[in-house]
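Below is one structure, written out as structure tokens; the observations come after it.
The values are calculated or read from the model by the stated rules, or taken from the named source; none is laboratory data. Source: prediction; values computed, not measured. Here Cβ is always computed from backbone atoms with ideal geometry, including for glycine, and neighbour counts include all displayed protein chains.
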Ligand SMILES: [Zn+2]
Ligand SMILES: [Zn+2]
Ligand SMILES: [Zn+2]
Ligand SMILES: [Zn+2]
């Protein structure tokens, strides 16, 4: 390794905006071989049969920790041994067996006041203010112990952990995570691997546009040659989808019991909502979603004749019967919101920067990339994360993105202008109003019309000015437009971040960020080399951990410097 | 409530001292005051709040706790370390070797499977074959041929539903793993496609790229994984094996280098240089282009099959390979997870606290230092419903309103504003008498914010030693003591019953005066005191701001009382737990070599539910 890669030095600002591509020197980096992220370690037994690649005296544990789930397993296995959640049933006292009692799932737990929807199911929030970090630790400790004692059954051989975790995890949480992993498994080294890169690894690719539809956030990360080079995030993610779905179910439940308005007894629990989402939610295709309601009625084939699907929620007093077409509504309003137009209401809600609809999020991420990287990534789109399993979502996303590219080309000058601020202010209120509007629409539908007309009203069948068009209105007159490069898109399947970590550990690839137990426990994250912050600061003397085994043995700690890589703020 | 009222939880103090982060040097966290934990430190003076979400992680039933006789402290699962002694299948009790455990992912490799829909153990059933299989096996047709399948005695799921049957009733696991291992193209080396032609020509998004038809349409998870790792492995081994430290296979100029690599003449040169890897480009290399048609088919299937055709989250989580499954036809039987026998050590001093015999069938222990044997057991009962010793009941006039009024006490309906008396009984497992001091915050709240006044009428008392029953009978001094206690108890009762014979309100006042500072009753190694609880419906305003005011949540109305227990006792000087087991202990004790010991901990009584607001 001649020089330190940008990967080490890149600074991630707290506001979660990435430096502009020019600072990242992507084009420059592309020309020279300088990315030591995936260098191999020096084990001499590398290439034996799959399970024999280990030094028998070491155990390789792979953990993926997200907001909702812990996935734990051993390297070289194709699935994690367990997926544990951090839900309320995991927070019970020892000896409290009520979750195993018959009828437990029929009881609906109500959300506590002041808690956001599903908050009791989260391990942590990215916003660490007002967060009891000790509680995070309690939850994590319990989950790690369960994973070990029930599924991994590790013995007292030395252990290494590959920890797959979001690259924007705040440092206090990272510190807690590391200390708990060291504590639970007595590992001597932990290798950190960013989620997006792990997803890329498990797709077989080296560069990809990773769309991770997580719980609290959807992140779109441009990975180029196993480096994160750009990232944008939106809060339109699984949690939002859950809330939209819960609203739909509450309205349907009220409808079924002949009530005007949904009350708290109609509100499904988080568990019920998730069950519903994973079982029945689906996503319309592009053509259907963008057809006016009248037309769509005509083109509706018999194949798509709307049928009712019965939904026996465990906590509901009765089985709901919901038109199949309605089951796609939550996905529509979460990921592909189309502004509603009603004369009595304010101009349609537009997305502020935290709430970009997915196609726009992808588009803007791509837009920030140099042309050659962009064209590479267009053929390598990966969808991962809990929210990505909705059937039809990936094809819809590709189609929407394609339409966006056709419409707008790759015009870098186009921006949101000063109107963006105004819109950002309005977005919060608008979102509430929109939710109310949807309820109204559905209630209207309930009053007499069929499910299909309900879909027409709230499902965005009409053609209001789309966000694209809105942006076009904001477009500055003097903007240049480039020649059209017809977008060609391809989605590639990834086996997910955990599997990426498994492969990574199995092939004995060394990570950039390796944390040594003794040093971490004695000095905490403070022992990480002061990250250079800006390119150029870190010289070759910082590199050794990436390429040598020096940092593994525990003998040379004094000499080596470890850094937090992209986790260092 | 899983635990029926009233219940007692004990708090392990390790949360304050031995959390993983507290083991890390302090400067790791930015000192952001706003992110500081709510409970800063819980020294003895500080109140422990059983409502705090963290409390759930430090409270245990006494039976779940161990006790380290070296550290003289309670040990919970969190402050012990575990070591595996043996692995075995909970279903067939077969003990597994550790290498086999690793290889088979910690699953029973005999015939044990769990039902994918309801998790009950599956049974192996034989099915008579109608037609003769003789021609297939080459054996005579007279040989009876059977097919075997797994079925669930509980929910009637059968492996035949997913077309899974077995040739033999033995070694089902082996047959099971073969069932899904079909990787025809794995053995052949991944073809060396030149990078230039490898890139498939993508088409428009609206007509998404389809993988050219391959014999195996969509790879299973395991296939996908196997292909990709095989590909990456060959990539690594095709590149250099010596200079790995310099290997940099992530260079974008990989294409030219790769060309070198596949050109035999330049192989040597390639070995000298950092070698490079390319990405997977074909399905048999582990690249799977998303099949968007398949997605649309899935939507139709959901529409067609509805809720019942899809699998639940809990079923999914049981599956070994839960990715990409959606319908009940995707479910597979789950080989039974092995469990372990483990020994437990103290995390602080590493001494063994618990060691079972290794045989799966044995339930005996070599070492077992239960907290039960070292920590007094505290229990709470409503005064009337309490397991009042028979002697006590006879001594109280049957007309006593305290006894009759509350027959069949309902812990799930504590009335607000009505004082309720509870008996707090502390029984001493030690061979020494202990002095006990109880403290309670005075006001306990339910999650809904209903405050209750809690008064322990006699917070300081002594509890007798847990001596042998015969010892007690034979030893005149203890007998005397016992008699003395009995007398005290009677006099207390008399005061109480005479007080309560008058009007009810006066009775309560009388009870409080009469009982303050006096124990209610005591026995050989137990003492009971009275606790008065008055639920007060005034809602604490701070409860709202703490956002704990829920709307009819399951445990909102549960009243729990935290009590801080401090006990002092004198044990013999070399008072190790092991030494206690010796016969010499009692003699050592008599010699009077005593050592003052102290034990302090929080416990929480679940009293009941407050109603009638
Ligand atoms: Zn403990
Ligand atoms: Zn078995
Ligand atoms: Zn079953
Ligand atoms: Zn100890």
Return yes when residue B:95 is farther than 28 Å from residue B:316 by Cβ, surrounded by fewer than 18 Cβ atoms within 10 Å (Cβ to Cβ), modelled with pLDDT of 90 or more and away from ligand 3 (no atom under 13 Å from the Cβ) and no when it is not.
yes
Residue B:149, sole failed condition from (1) away from ligand 3 (no atom under 16 Å from the Cβ); (2) touching a helix residue (DSSP H, G or I) at 6+ places or on another chain (Cβ under 8 Å); (3) at pLDDT 90 or above
(1)
Pairs only if they're at least six apart or on different chains, beta carbon under 8 angstrom, first in the range B:103-123 and closer than 19 Å to residue B:314 by Cβ, second in a strand (DSSP E or B) and within 16 Å of ligand 4 (Cβ to nearest atom); list them, first residue then second.
none
Any chance residue A:108 is facing chain B (nearest Cβ under 7 Å), buried (at least 19 other Cβ atoms within 10 Å of the Cβ), touching a helix residue (DSSP H, G or I) at 6+ places or on another chain (Cβ under 9 Å) and modelled with pLDDT under 90:
no
Would you call residue B:120 within 16 Å of ligand 2 (Cβ to nearest atom) and farther than 19 Å from residue B:171 by Cβ?
yes
Residues in the range B:44-69 that are farther than 30 Å from residue A:73 by Cβ and more than 10 Å from chain A (Cβ to nearest Cβ): how many?
10
Hey, could you check the range B:73-98 for residues that are part of a loop (DSSP other than H, G, I, E, B) and more than 14 Å from chain A (Cβ to nearest Cβ) and say which is nearest to ligand 4 (Cβ to nearest atom)?
B:93
Would you check if there is a residue in the range B:46-68 being away from ligand 3 (no atom under 16 Å from the Cβ) and at positive phi?
no
Picked from the range B:98-112 (must be more than 14 Å from ligand 2 (Cβ to nearest atom) and surrounded by fewer than 15 Cβ atoms within 10 Å (Cβ to Cβ)), the residue nearest to the chain's Cα centre (by Cα) is B:98
Residue A:89 being at pLDDT below 85, under 23 Å from the mean Cα position of the chain (by Cα) and more than 9 Å from chain B (Cβ to nearest Cβ)
no
Within the range A:115-134, identify whether any single residue is part of a helix (DSSP H, G or I) and facing chain B (nearest Cβ under 7 Å), and answer yes or no.
yes
For the range A:148-162, indicate whether the set of residues that are in contact with a strand residue (DSSP E or B) (Cβ under 7 Å, 6 or more places away or on another chain), buried (at least 22 other Cβ atoms within 10 Å of the Cβ) and assigned to a helix (DSSP H, G or I) is non-empty.
yes
Answer residue from the range B:511-531, given it is in contact with a helix residue (DSSP H, G or I) (Cβ under 7 Å, 6 or more places away or on another chain) and under 27 Å from residue B:557 (Cβ atoms) and is modelled with the lowest pLDDT among those:
B:511
Residues of the range A:179-196 being in contact with a helix residue (DSSP H, G or I) (Cβ under 7 Å, 6 or more places away or on another chain) and under 20 Å from residue A:495 (Cβ atoms), in sequence order, are A:192, A:193, A:194, A:195
Starting from residues that are in a loop (DSSP other than H, G, I, E, B), out of contact with any strand residue (DSSP E or B) (no Cβ under 8 Å at 6 or more places or on another chain) and modelled with pLDDT of 90 or more, keep the ones in the range B:309-346 and report whichever is nearest to ligand 3 (Cβ to nearest atom).
B:331
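Condition check ((1) under 29 Å from residue B:602 (Cβ atoms); (2) in contact with a strand residue (DSSP E or B) (Cβ under 7 Å, 6 or more places away or on another chain); (3) within 14 Å of chain A (Cβ to nearest Cβ); (4) away from ligand 4 (no atom under 16 Å from the Cβ)) across all residues:
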position	(1), (2), (3), (4)
B:71	yes, yes, no, no
B:100	no, no, yes, yes
B:111	no, yes, no, yes
B:115	no, no, no, yes
B:118	no, no, yes, yes
B:122	no, yes, no, yes
Mind listing whichever residues of the range B:328-353 are within 14 Å of chain A (Cβ to nearest Cβ) and within 16 Å of ligand 1 (Cβ to nearest atom)?
B:344, B:345, B:347, B:348, B:350
In the range B:63-84, the residues that are under 27 Å from residue B:96 (Cβ atoms) and more than 10 Å from ligand 1 (Cβ to nearest atom)
B:64, B:81, B:82, B:83, B:84
